[in-house]
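Chemist: Please see the structure below; I have some questions.
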Amino acid sequence: MAGQQYKVVSYFINVGVGDGAIHLLLENNHVSKAVLIDGGEVEAGACTAFTIAALHQKYQGSFTGFDAIAITHWDGDHFRGTLKMLYEDIVQNGQTSYIKQTTKIYAPATSFNKVQAEGKFRRVKVPNVDHQYELQIKTPNHQDWQRLCEFVISTYCIGYDLFSGIPLSGHHGTPKLIDSLGDVYTASNLLQGGTPIFLCIGCEDFFIDWPDIEDTFNENEINRLAETKKNMNASSLMLISIWPKALPTDPPRINLYTAGDAEEEQEEPFIEWIKNPNAVIDVIKPGHHGSAKATPERLLDYQTKIFLISAGGRHGHPTLSLLFFLMSYIYYKFSDSKPHVFATCCPYWMNKPRALYNDVDVNLENFLSYKKGAYQIKAVVQKLTGINCVDVWF
């Protein structure tokens with residue numbers, strides 16, 4: 001793709017409690033592909049719509065709707081705002097400008113039946129086509145269900161490039177197991193041609209290099225997952241934006257890692273899969289809004305310069321232990337005065353009077369106790385800095 005200049009630009013939306021982001025693939029400063037991830041609670045739909053309108057104006061007509069919408073998991077603070085935005089747009093206008101003819105929605109199956117039970121959206125198998133589904137919508141304007149767009153669900157998502165809408169295998173429903181980050185460069189024609197990709201590497205607590213992933217590619221398992229209300233966080237889509245190599249000898253480069261509410265149990269296989277100690281992860285969005293149960297210490301081994309946290313209004317997110325660890329890492333890793341940790345909004349507990357703090361808001365045991373997790377944080381920080389910063393700082 002000689003002469004073409006690509007950028008990946010990300011806009012993280014302040015949706016309050018929850019997640020919401022828009023990722024654009026720019027080609028010569030025009031929007032080539034657009035991806036919406038999550039969208040917060042019901043009241044956040046207006047925030048997302050406002051951001052979309054601003055991007056329409058900024059990119060002067062080249063932003064014409066989304067090529068992909070990813071719902072990382074079916075927890076209310078991740079999907080309700082987006083579904084409300086789509087529903088109200090169709091009710092008011094008879095159609096929606098957010099969806100193209102070729103748009104795909106990607107999501108896990110786990111707990112999807114609670115969405116169907118509300119009677120506005122449903123998943124339907126496409127007749128006579130293996131492994132293909134569509135998302136349908138029913139509004140007061142129409143008595144019958146209408147097709148909204150193609151619906152890529154459950155482990156079918158793994159291996160898809162959300163920018164192009166094409167799986168690495170080249171065939172929907174046929175998984176292509178990728179043994180390492182480096183192997184993606186061999187498997188992707190787009191990367192070889194100089195185009196960034198936005199790859200789904202995990203879903204439903206399965207990962208892209210697991211051989212038994214093929215066993216989940218069936219209708220019965222999807223129906224079973226849709227009925228369960230357990231393990232929603234573990235079902236989260238795990239996504240990475242991968243940058244092409246300028247030279248064959250360059251290390252692999254991940255532009256962005258974002259994984260909904262996935263936690264350490266899901267993230268450890270990702271770290272093992274990278275395999276190259278020289279790999280780079282430019283931006284990390286810490287999992288589960290900055291939970292102490294996410295973002296393993298080893299995830300910071302890849303020269304990351306930016307951490308973007310979707311701070312919420314409950315559960316102590318982002319946790320003081322995570323912020324302590326990130327700030328320790330940054331303090332001793334960088335000599336500049338630039339900010340390296342960003343949040344979509346101010347963590348709610350920072351605005352509370354100290355007298356009203358409780359163990360959920362600020363759990364000091366997470367890093368001042370002798371618990372296993374606290375010991376691990378202190379040990380890694382000491383390895384980075386050469387000192388016991390807990391003793392020095394406190």
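The values are calculated or read from the model by the stated rules, or taken from the named source; none is laboratory data. It should be emphasised that the depicted structure is a prediction, and the values quoted were computed from it without experimental measurement. All Cβ positions, even for glycine, are placed from backbone atoms using ideal geometry, and neighbour counts span all protein chains on display.
Chemist: With respect to Thr82, is the statement that it is crowded, with 22+ Cβ neighbours inside 10 Å, within 23 Å of Asn141 (Cα to Cα), touching a Ser or Thr at 6+ places or on another chain (Cβ under 7 Å) and of a type in the set (Ser, Thr, Tyr) true?
Modeler: On the way: crowded, with 22+ Cβ neighbours inside 10 Å: yes; within 23 Å of Asn141 (Cα to Cα): yes; touching a Ser or Thr at 6+ places or on another chain (Cβ under 7 Å): yes; of a type in the set (Ser, Thr, Tyr): yes.
The answer is yes for Thr82.
Chemist: A follow-up question, please. Does Ile281 count as in contact with a helix residue (DSSP H, G or I) (Cβ under 9 Å, 6 or more places away or on another chain), within 25 Å of Ser337 (Cα to Cα) and either outside the structural domain of Asp179 (by TED's automatic domain parsing) or hydrophobic (A, V, I, L, M, F, W, C) (or both)? Step through it out loud before you land on a result.
Modeler: Details: in contact with a helix residue (DSSP H, G or I) (Cβ under 9 Å, 6 or more places away or on another chain): yes; within 25 Å of Ser337 (Cα to Cα): yes; either outside the structural domain of Asp179 (by TED's automatic domain parsing) or hydrophobic (A, V, I, L, M, F, W, C) (or both): yes.
Taking the combined requirement at face value, the residue satisfies it.
Chemist: Which numbered condition in (1) more than 16 Å from Asn255 (Cα to Cα); (2) in contact (Cβ under 8 Å) with a residue 40 or more places away in the chain; (3) outside any strand (DSSP E or B) is the only one that Gly202 fails?
Modeler: Failing condition for Gly202: (3).
Chemist: Within the group Pro277, Pro296, Pro269, Pro347, which residue is more than 18 Å from the chain's Cα centre (by Cα) and closer than 24 Å to Asp183 by Cβ?
Modeler: Only one candidate qualifies: Pro277.
Chemist: If you scan region 277-305, which residues turn out to be farther than 19 Å from Asp261 by Cα and surrounded by fewer than 20 Cβ atoms within 10 Å (Cβ to Cβ)?
Modeler: Result: Pro277, Asn278, Ala279, Val280, Asp282, Asp301, Gln303, Lys305.
Chemist: What residue, among those in region 36-67 that are of a type in the set (A, V, I, L, M, F, W, C) and in contact with a His (Cβ under 9 Å, 6 or more places away or on another chain), is nearest to Ser154 (Cα to Cα)? Steps first, answer last, please.
Modeler: Taking region 36-67 as the starting set, the residues that turn out to be of a type in the set (A, V, I, L, M, F, W, C) are 36-37, 42, 44, 46-47, 49-50, 52-55, 63, 66.
Subset that is in contact with a His (Cβ under 9 Å, 6 or more places away or on another chain): 36-37, 63.
Working: Leu36: 18, Ile37: 16, Phe63: 28 Å.
Among residues in region 36-67 that are of a type in the set (A, V, I, L, M, F, W, C) and in contact with a His (Cβ under 9 Å, 6 or more places away or on another chain), the one nearest to Ser154 (Cα to Cα) is Ile37.
Chemist: Follow-up. Are there any strands (runs of 3 or more DSSP E) wholly within region 1-111 with 1 or more residues that are under 20 Å from the mean Cα position of the chain (by Cα) and either among the aromatic types (Phe, Trp, Tyr) or assigned by TED's automatic domain parsing to the domain that holds Ile254 (or both), and if so which? Working first, answer last.
Modeler: Working: elements: 6-12, 20-27, 30-38, 66-70, 99-107.
Once the strands (runs of 3 or more DSSP E) in region 1-111 are filtered for at least 1 residues that are under 20 Å from the mean Cα position of the chain (by Cα) and either among the aromatic types (Phe, Trp, Tyr) or assigned by TED's automatic domain parsing to the domain that holds Ile254 (or both), what remains is 6-12, 66-70, 99-107.
Chemist: Does Ala262 satisfy the criteria of being buried (at least 22 other Cβ atoms within 10 Å of the Cβ), of a type outside the set (Phe, Trp, Tyr) and in a loop (DSSP other than H, G, I, E, B)?
Modeler: Against the criterion (buried (at least 22 other Cβ atoms within 10 Å of the Cβ), of a type outside the set (Phe, Trp, Tyr) and in a loop (DSSP other than H, G, I, E, B)), Ala262 qualifies.
Chemist: Let me ask something else. Among residues belonging to region 215-228 that are outside any loop (DSSP other than H, G, I, E, B), modelled with pLDDT under 75 and more than 23 Å from the chain's Cα centre (by Cα), point out the one that is nearest to Thr174 (Cα to Cα).
Modeler: Asp215
Chemist: With respect to the numbered conditions (1) among the β-branched types (Val, Ile, Thr); (2) more than 19 Å from Ile71 (Cα to Cα); (3) in contact with a strand residue (DSSP E or B) (Cβ under 9 Å, 6 or more places away or on another chain); (4) touching a residue at least 24 places away in the same chain (Cβ under 8 Å), which one is the sole condition not fulfilled by Ile158?
Modeler: Only one criterion in (1) among the β-branched types (Val, Ile, Thr); (2) more than 19 Å from Ile71 (Cα to Cα); (3) in contact with a strand residue (DSSP E or B) (Cβ under 9 Å, 6 or more places away or on another chain); (4) touching a residue at least 24 places away in the same chain (Cβ under 8 Å) is unmet by Ile158, namely (2).
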